[in-house]
Amino acid sequence: RAHMISRACENSIFMAAANRVGEEPTMRFMGDSMLVGPSAEVYTVLDQAIEGYAVATIDLDEVRTVREDRQLIQYREPLAYRSIVRKY
C-alpha cells in the first residue's frame, strides 16, 4: 500500500491497483486493490480478502494542479544521471 501511495505522489498521477484474492496450494492472495490520487489521497481501497469492486469519482484537473504546485521538473539534474541513461 505504501508503495502505491508513494508512486502516485512522486509522479503526480492517479494510480489504480487491482489485486486478486484467494488461495492456491502455495500462495495466499490478500487483495488490497486501491485507487490513489496525485496528492497521495487514497480514494478507495478493498482491504478485505473477499472479491469486490469499488467506484470513485476523480478530478483529472487535480493532476495539473498538483504538478503546478510542486514544480518538481525544476529540480531535475540531467547531468547527474546522464551516464546511467546513456547505457540504455
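The values are calculated or read from the model by the stated rules, or taken from the named source; none is laboratory data. All figures in this text were calculated on a predicted structure; none of them were measured in a lab. Backbone-built Cβ (ideal geometry, glycine too); neighbour counts: all protein chains shown.
Where residues in the range 6-20 are outside any loop (DSSP other than H, G, I, E, B), under 18 Å from residue 69 (Cα atoms) and of a type in the set (A, V, I, L, M, F, W, C), which of them is nearest to the chain's Cα centre (by Cα)? First the steps, then the outcome.
Just the residues of the range 6-20 that are outside any loop (DSSP other than H, G, I, E, B), to begin with: 6-11, 15-17.
When the remaining residues are screened for being under 18 Å from residue 69 (Cα atoms), the result is 6-11.
Then drop every residue that is not of a type in the set (A, V, I, L, M, F, W, C), which leaves 8-9.
On the way: 8: 4, 9: 7 Å.
In this case the residue turns out to be 8.
Examine the range 16-31 for a residue that is modelled with pLDDT under 95, in contact with a helix residue (DSSP H, G or I) (Cβ under 7 Å, 6 or more places away or on another chain) and more than 26 Å from residue 76 (Cα to Cα), and state whether such a residue exists.
Scanning the range 16-31, I find at least one residue that is modelled with pLDDT under 95, in contact with a helix residue (DSSP H, G or I) (Cβ under 7 Å, 6 or more places away or on another chain) and more than 26 Å from residue 76 (Cα to Cα), so the answer is yes.
If a residue has to be of a type in the set (Ser, Thr, Tyr) and in a loop (DSSP other than H, G, I, E, B) to count, how many in the range 39-56 make the cut?
Of the residues in the range 39-56, the ones of a type in the set (Ser, Thr, Tyr) are 39, 43-44, 53.
Still in the running and in a loop (DSSP other than H, G, I, E, B): 39, 53.
Looking only at that region, the number is 2.
Note down all Cβ pairs under 8 Å where the first residue falls in the range 40-68 and is in contact (Cβ under 8 Å) with a residue 24 or more places away in the chain and farther than 15 Å from residue 13 by Cβ, the second is β-branched (Val, Ile, Thr) and surrounded by 15 or more Cβ atoms within 10 Å (Cβ to Cβ), and they're at least six residues apart or on different chains.
Listed by first residue and then by second, the contacts come to 49/21; 50/21; 51/21.
Across the range 21-38, what is the total count of residues that are surrounded by 12 or more Cβ atoms within 10 Å (Cβ to Cβ) and either among the basic types (Lys, Arg) or in a helix (DSSP H, G or I) (or both)?
0
Can you tell which of 6, 39 is touching a helix residue (DSSP H, G or I) at 6+ places or on another chain (Cβ under 6 Å) and among the polar types (S, T, N, Q)? Please lay out each step first, then the result.
Values: 6 fails: touching a helix residue (DSSP H, G or I) at 6+ places or on another chain (Cβ under 6 Å).
Only one candidate passes the filter, namely 39.
Select from the range 57-88 the residues that are assigned to a helix (DSSP H, G or I) and among the polar types (S, T, N, Q) and write down the one among them that is nearest to the chain's Cα centre (by Cα). Talk me through it step by step, then tell me what you get.
From the range 57-88, those assigned to a helix (DSSP H, G or I) are 61-70, 72-75, 78-86; that's our starting set.
Retained after the next criterion (residues that are among the polar types (S, T, N, Q)): 65, 74, 83.
Working: 65: 17, 74: 22, 83: 28 Å.
The qualifying residue nearest to the chain's Cα centre (by Cα) is 65.
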